[in-house]
Amino acid sequence: MSFRNALIRSLRPVAGSIVRNSVVRATPSILRTVSPVATRSFSGSSQRFGSGLVDKDFAHSLQTEISYETENEETEVPEFLKEFQDKNVFTLEETPGQAEVTLTRKFGNETIQAVFSITDINNAEEDMMYEEEESEEPAELPFPVRCNISITKGDNNGCFTIDAIAEDGDFGIESVIFYKDAKLARDRTGEADWNRRGFYVGPNFSNLDESVKENIQKYLEERGFDEYLANFLPDYIEYKEQKEYLQWLKDVKNFVEK
């Protein structure tokens, strides 16, 4: 359920936004507030799990949210993801519980890798809340997705790295970097990040000649970073983030009840 295609998604962003609590779940929250909780007895002997007085209510609120999310969960693979898989251009690699997602493909003698994060959905939630404050209409906003693209030709020919933002069906290039050491370029450790700081990696993208910038854009598009992929990324982020949020609710509830 994307921001563009589902009204409930625009009214109730995922993962802990204010909209979830204040708009969509307002009525249940009020009912819980006025319920006769004062009549409950929280003696040490009556606690079934945990050691706090609010553990039971906390677990109940989590279960209520789990039930709501499960009821609205997509059980089938969504059409946009089936279409992506049928195209068979990029291989999508994701790990449950991890925020980063990787796309890989071969293009001639090149190995192309693109990394993005589902945390970019926070940009949509912040923008949506702002737009809803300005208008009575529910906001339906696409959101920018930062994408780190690396292109290598074997292990000893360096690595061409492009930082881009996918938004509104386009990949806007922020920076282009070339590393002679491909391993250093793709190493995501803190030590490698520190070591990269000492290298001259190229000029600011904005300072490049217009024809060079134009051809870098075409270079990316030819390798599959086109309008279709730019629109796919936010849709996939919403899909994965929703799954991660539901699992997070279950994990926290399980922890509270121990």
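The values are calculated or read from the model by the stated rules, or taken from the named source; none is laboratory data. Only a predicted model underlies this, so the values are computations on that prediction, with no experimental measurement involved. All Cβ positions, even for glycine, are placed from backbone atoms using ideal geometry, and neighbour counts span all protein chains on display. Keep in mind that these areas ignore ligands, DNA and RNA; they rest on the heavy atoms of the full protein, side chains included. Shrake-Rupley method; radii C 1.70, N 1.55, O 1.52, S 1.80 Å.
Does region 149-156 contain any residue that is within 25 Å of Pro96 (Cβ to Cβ), under 26 Å from the mean Cα position of the chain (by Cα) and at pLDDT 95 or above? Yes, region 149-156 contains at least one residue that is within 25 Å of Pro96 (Cβ to Cβ), under 26 Å from the mean Cα position of the chain (by Cα) and at pLDDT 95 or above.
If we keep just the residues of region 60-100 that are among the aliphatic types (A, V, I, L, M) and more than 22 Å from Ile149 (Cα to Cα), which is nearest to the chain's Cα centre (by Cα)?
Out of the qualifying residues, it is Val77.
Of all residues in region 192-218, those that are on the phi < 0 side of the Ramachandran plot have Cβ atoms under 9 Å from Cβ atoms of residues that are surrounded by fewer than 10 Cβ atoms within 10 Å (Cβ to Cβ), 6 or more apart or on another chain, in Lys213/Ser206. Name the single residue, out of those in region 235-249 being touching a Ser or Thr at 6+ places or on another chain (Cβ under 9 Å) and closer than 14 Å to Leu103 by Cβ, that is least open to solvent (accessible area, probe 1.4 Å). Checking each candidate, the answer is Ile237.
Can you spot a residue in region 204-224 that is closer than 30 Å to Gly52 by Cβ and either within 18 Å of the chain's Cα centre (by Cα) or not polar (S, T, N, Q) (or both)? Looking through region 204-224, none of the residues is closer than 30 Å to Gly52 by Cβ and either within 18 Å of the chain's Cα centre (by Cα) or not polar (S, T, N, Q) (or both).
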